[in-house]
Every structure is written in C-alpha cells, then in structure tokens.
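K.L.:
Below is the structure I would like to discuss, written out as structure tokens.
Nothing in this text is a laboratory measurement; each read-out follows from the coordinates by a stated rule. As the structure is a computational prediction, the values presented were derived from the model and not from experiment. Using ideal geometry, Cβ is built from the backbone for each residue, glycine included, and neighbour counts are taken over all protein chains shown.
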Amino acid sequence: MTKEAITDELRGLLRNQKQIKVDVDAITLDTRFDQIGFDSLSILDFMYDVEGRFDVFPEMSELVKMEKVRDLIEYLEAQI
Amino acid sequence: MSSRATWPSFSLLYFANAPAEAEIGKFDLFRASSRFADEHDFEAVWIPERHFHAFGGIFPNPSLMAVVLAESTRRIRIRAGSVVMPLHHPVRVAEEWAVVDNLSQGRVDIAFAVGWNPNDFIIAPERYKGRHRVTMEGIEAVRRMWRGETFEGENGEGQRVKIKVHPLPLQPELNVWLTCSGGVARFREAGAAGFNIITALLFQKIDDLREKIAAYREARAQAGHDGPGQVTLMLHAYVGTDEARVKEAVRAPFKRYLESSADLWQVGEARLMDLSERKKADMLEFAFERYYQQTALMGSVESCRSMVAAVHAAGVDEVACLIDFGLPFDQIMEGMHHLDVLRRAQPSSQPSTP
C-alpha cells in the first residue's frame, strides 16, 4: 500500500472522529495529533478505527512517541 | 546577579496512595526516607495537604508531619507543599508553622495553594467561590504575622481586635512558594508577587513549562523583585541500576496509582469507570508510557540524567521527587541510594561557554 493510499484511508477515518477541531482536508503530514484535537481517550478511539481498517495496533510505548500524522503513516507503511 | 547552579537541587515529596483502614506503619516510609534525605544533603522535604481520598490522604495537614520532621531531622528544609490556604484560618497557619519553625531551628518554608477539589471545601464551603482572593489575602496575613505584626479580626462579641501570634518564628521572613498547576496566569501572578513556585509536569510538555517559567521570571523582574526566584518541579521518581528493570518494576504500581488518582486527571474518574475493560487497560498503559517516557524521573542514573538536564534547562532549580506512588518500602529505600547518585551527578556534557 502506498503512502498516498494510507493517507487517504486515514483521512476517511479522521472524518468519522467526533473530536476533530480542524478541517480534515487541511491536515498534513506535519500536523500534530493534539492540533487535530485528540486527547488521550480520543486518540485511542481513533487508533481502534485504524486497527479495524489495517489490522495493526502499535505498542503503547510506540504510540506515545507518535506526535504527528507522519509518524503514524510511517508506522503503518512499515507494518502492512 | 546570582548565576544558576549547573544542576538542580533534589528534594523529596509525598503523595502516598493509602487506604483509610487502620494499619501499622503508614508513616514508616515518610520517616525513613526523610531521614535519608536529611543525611544525604537533599534540599527539602515537601509535605502535602490532601483530604478525603486514598490519594495523598494520610497527609490531611502538613504541619502535623512537619513536627515529626522537626524532631527527626537536623538540617533539611521542611516545606509545606502545600497549605491549601482557604481551608485554614491564617492565624492558625501562622501559629502552627511558627511552632514548627522553633522546633526545627528555623527550617520552615511554605507553599500555598488555592485548592481545587470542591469536596475539600466541606471544611470551609463559604470560601470556595472566592478561594483565589482568600488565598492571596491569607498569604499576606501569614507573612505579616510571621514578622510579628498584628492581625486584625472580629472577636466572639463582634468587636474588631488586633492580635499577635505566639510563639514568634525564628526566621524573620517566611519563604513563600505558590503552587502553580494551571495556566500561565498563575505563574505570572507568582512572579509579580515575588513568590517562589512549585509546579508539576503532569500532562504538559517540558517546552510548555519552559514558557511558563520564562513568564514567571519576566513578571518577577518587571515587578522589581531581587533574584530569579526558585522554581520547584515535582516529578514522580524511582531510580535503579537497570533501565529496563526499573520500567517493569514501576509499571504495575504506577498504573494502580494512576487509576486511583483518576479524578485528578484530565479524564474524570466517572468517565474512566465507564470505559470498556480493553479501553480502560489501554488508557492506563498509554498514560503510564507517557508519564514514564516524558514526565517522570524513572530509570537508571544514566537514563534519568537527560531528564534532569532538560528540566534544569527549562528553568527548574529544584526537583521534588515524589517517591511513594506504590513501590514496596525496601525497593523505594534502595532506590534512594541511586537517586542520591543522580542528585550528585552533573550534566554529562556541559554546553560550551564562549
């Protein structure tokens, strides 16, 4: 799966999140998850959706390190 | 102008998570670790005030345990961290701590807090709404009484009378900290008033703290106060010989501690209780990892050195180590030796100075 395809899938999943503070189309690779509006609970909700789509869930020790959208995409690229 | 030390001082701070049930030895760790700190050149022991909850609940009034420290230690500073000002009459604060100052040969400092938990205010419900104003007025009243000045209030017959507290403390001036746990406004207020500050990282990043400390020091300088003030940072701390072993040792007790303190989080306890088992477990694991990696002083001496250096670079002068989050007594006391090694360490590479 290409980076672009993963990015498109994530955009779709983001549109379903309730706590989004920003326009999903304006989110870039360098957007931080806290800028999107995620807190520690809603980031888990989002990650459950990501798991539902890609069938992978990062170790919490890795998830904590993911600050930007780019970090998640690189993780998914490596896993699928 | 005084220059900052190259490494922060280290202190101990307590917030024991203990059930209310009667049990022998509830204060054993407090006694043993504070003696260790006294004998090993730690700067201070901070005693909290907490009410009606297992989280910190063995410390309902810091002046009580301060008496124990005054008698059992010889040189370490004895600090209230914090006196929740609206829950006390300023006269009682001045009296109680003047006694401790005498008992300890002048080793008392006090951090004052505004208070935040509505249930704590069952002690003084009428002061909850105006608790911020009550706190600032109370601090000034305590400081005046500390200097031997009079306090004017209403007596039992409705008459205005002036009193002086007895005994007078040994120290001519009370060193005051303000507990700053929220936004930058409180930091600026503490700076403008010339107070020192005690704060915690909790869920904020070190960069956020750096900005708040800068705002504190700017407000302090603008108000014309001497010196940079002292910034104390509470960090949950356990230091061992092996980083991986430390992480596994603290994982379960720290997660229990986080679960118990859930109503102090951004996420309310009721909300946490409502979660599915998986989500609750994931939430606690996520919180643990975030604390462990970003906001705690846990690991080996070597791995903790960078955390100490980072908070020092952000402007922190004193690291107050919260040690009683749930590890067994013997393990904590063993960790004290490694904490002392870290205390005596220096930055591994000093930035070059032109």
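K.L.:
Taking chain B as a Gaussian network, Cα atoms linked when under 10 Å apart, which of B:44, B:124, B:70 shows the biggest mean-square fluctuation?
P.N.:
B:124
K.L.:
Turning to a different aspect of this structure: If you take every DSSP beta bridge fully contained in the stretch B:1-157, what fraction is antiparallel? Give it as a percent rounded to 5. Each step should come with its number before you reach the end.
P.N.:
On the way: 1 of 13 bridges.
If we restrict to bridges inside the stretch B:1-157, about 10 percent are antiparallel.
K.L.:
Relative to the longest principal axis of the C-alpha atoms of chain B, give the angle of the C-alpha long axis of helix B:277-290, reported between 0 and 90° and rounded to the nearest 10°.
P.N.:
80 degrees
K.L.:
What does the charge count near residue B:61 come to, summing +1 for each Lys or Arg and -1 for each Asp or Glu among other residues with Cβ under 9 Å from its Cβ? Could you put the intermediate results ahead of the total?
P.N.:
On the way: positive: none; negative: B:49, B:96.
Taking every other residue near residue B:61 into account, the sum is -2.
K.L.:
Then there is this: So how far apart, in nm, are the two label points at residue A:74 and residue A:16 if each is 7 Å from Cα heading toward Cβ?
P.N.:
Taking the two extended label points, one gets 2.7 nm.
K.L.:
Counting only Cα, what are the radius of gyration and maximum Cα-Cα distance Dmax of the stretch A:3-79, in Å?
P.N.:
Using the Cα atoms of the stretch A:3-79, the pair Rg, Dmax is 11.1, 29 Å.
K.L.:
In addition: Counting only residues 5 or more places away or on other chains, whose amide H sits under 5 Å from the amide H of residue B:108 once H atoms are built in the peptide plane?
P.N.:
Amide H to amide H, under 5 Å and 5 or more residues apart or across chains, residue B:108 pairs with B:78.
K.L.:
Still on this model: Running a GNM on chain A with Cα contacts under 10 Å, which residue among A:55, A:39, A:25 ends up with the highest mean-square fluctuation?
P.N.:
Fluctuation is largest for A:25.
K.L.:
Could you state the angle between the C-alpha long axis of helix B:131-146 and the longest principal axis of the C-alpha atoms of chain B, as a value from 0 to 90 degrees rounded to the nearest 10?
P.N.:
Tilt of helix B:131-146: around 70 degrees.
K.L.:
Kindly express, to the nearest 10 degrees and within the range 0 to 90, the angle between helix B:90-103's C-alpha long axis and the longest C-alpha principal axis of chain B.
P.N.:
Rounded to the nearest ten degrees, it is 70.
K.L.:
Moving on. Only Cα pairs within less than 10 Å get springs; with that Gaussian network setup on chain B, which residue of B:103, B:202, B:275 has the largest fluctuation?
P.N.:
Largest GNM mean-square fluctuation: B:275.
K.L.:
Another question about this same structure. Checking the cross-link filter: which lysines have an alpha carbon closer than 28 Å to that of residue B:255, excluding same-chain neighbours under 8 positions apart?
P.N.:
Straight-line reach from residue B:255, under 28 Å: A:18, A:65, A:68, B:26, B:205, B:247, B:279, B:280.
K.L.:
Quick one: of the DSSP bridges fully inside chain B, what percent are antiparallel, nearest 5?
P.N.:
Roughly 10 percent of the beta bridges in chain B run antiparallel, per DSSP.
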